[in-house]
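> Please find one structure pasted underneath; my questions will follow.
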Amino acid sequence: MKNKERLRKKYLLIRKKRYFEISSSFFNPLTKLIQKKFHKRSINLSCYYPASYEVNVLKLFESNLVKNLKILLPVLKSKNLMHFCEWNKQDVMQINTFGMLEPFNFSKNIIPNIMLIPLLAFDDNKNRLGYGGGFYDRYLNKYLNKTKNILTIGIAFSFQKHKKIPVSSNDVKLNYILTEKGLVK
């Protein structure tokens, strides 16, 4: 796994140097995908609170998309487990043990229909290089066995594409990657 750690350092540095601010139009392909796949269904959309030069998913709040969705954010629990709880942009946040913002008032674990997932790098096979904690992979391995209805979308800049991401048996391949160039299917 030294390969993965080396790639993490590389792409953290690249993202820091090449980061650019996006507009809400970045998410237009996501809006079209949701309308096509989830027509008139209630949707639990998990996202993340951006840090370390991640794509700013808070721009979603500038679009009409979120008005019809229940927005969820991850909350880290004991034993390195992650849950998702409902969140509104005005809600109070707290800093978790990894220095990330998460909702202060954790209610109940809500399983998302759609997960927007941060990443450091991705490849053409929709493999994701995360931060190394395994939170998203553990969550998906647990809930994809119970429900196949979670649509996973990695959120990245196109310059985060890598030729081939090393994968292990616990890594979960994503359904899509969304970049400023559109959806990678």
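Quick note: the coordinates plus some simple rules give every number you see, no bench work behind them. Everything numeric here is computed off the predicted structure, so don't read it as measured data. Here Cβ is always computed from backbone atoms with ideal geometry, including for glycine, and neighbour counts include all displayed protein chains.
> Which residue, of Ser107, Ser78, is exposed (fewer than 13 other Cβ atoms within 10 Å of the Cβ), farther than 20 Å from Ile155 by Cβ and either aliphatic (A, V, I, L, M) or in contact with a strand residue (DSSP E or B) (Cβ under 9 Å, 6 or more places away or on another chain) (or both)?
From the options Ser107, Ser78, the qualifying one is Ser107.
> Next up: Please go through the range 97-111 and pick out each residue that is farther than 19 Å from Leu45 by Cβ and not polar (S, T, N, Q).
Selection gives Phe98, Gly99, Phe104.
> Could you list all residues from the range 156-180 that are part of a loop (DSSP other than H, G, I, E, B), aliphatic (A, V, I, L, M) and touching a strand residue (DSSP E or B) at 6+ places or on another chain (Cβ under 6 Å)?
Within the range 156-180, Ala156, Ile165, Leu174 meet the criteria.
> Tell me which residues, restricted to the range 49-81, are of a type outside the set (A, V, I, L, M) and assigned to a loop (DSSP other than H, G, I, E, B).
Tyr49, Pro50, Ser52, Tyr53, Glu54, Asn56, Ser63, Asn64
> Which count do you get for residues in the range 112-133 that are crowded, with 16+ Cβ neighbours inside 10 Å, over 20 Å from Leu45 (Cα atoms) and either of a type outside the set (D, E, K, R) or touching a Cys at 6+ places or on another chain (Cβ under 6 Å) (or both)?
5
> Among Ser46, Ser52, which is the only one that is in contact (Cβ under 8 Å) with a residue 40 or more places away in the chain, in contact with a Pro (Cβ under 8 Å, 6 or more places away or on another chain) and under 25 Å from Ile165 (Cβ atoms)?
When all the criteria are applied, what remains is Ser46.
> Same structure again: For the range 52-66, which positions are under 12 Å from Phe20 (Cα atoms) and touching a Lys or Arg at 6+ places or on another chain (Cβ under 6 Å)?
Tyr53
> Can you pull out the residues in the range 115-155 that are in contact with an Asp or Glu (Cβ under 7 Å, 6 or more places away or on another chain) and farther than 25 Å from Ser78 by Cα?
Result: Asn127, single match.
> Among the numbered criteria (1) in contact with a helix residue (DSSP H, G or I) (Cβ under 9 Å, 6 or more places away or on another chain); (2) touching a residue at least 24 places away in the same chain (Cβ under 8 Å); (3) over 20 Å from Phe157 (Cβ atoms), which single criterion is violated by Lys37?
Result: Lys37 fails condition (1) only.
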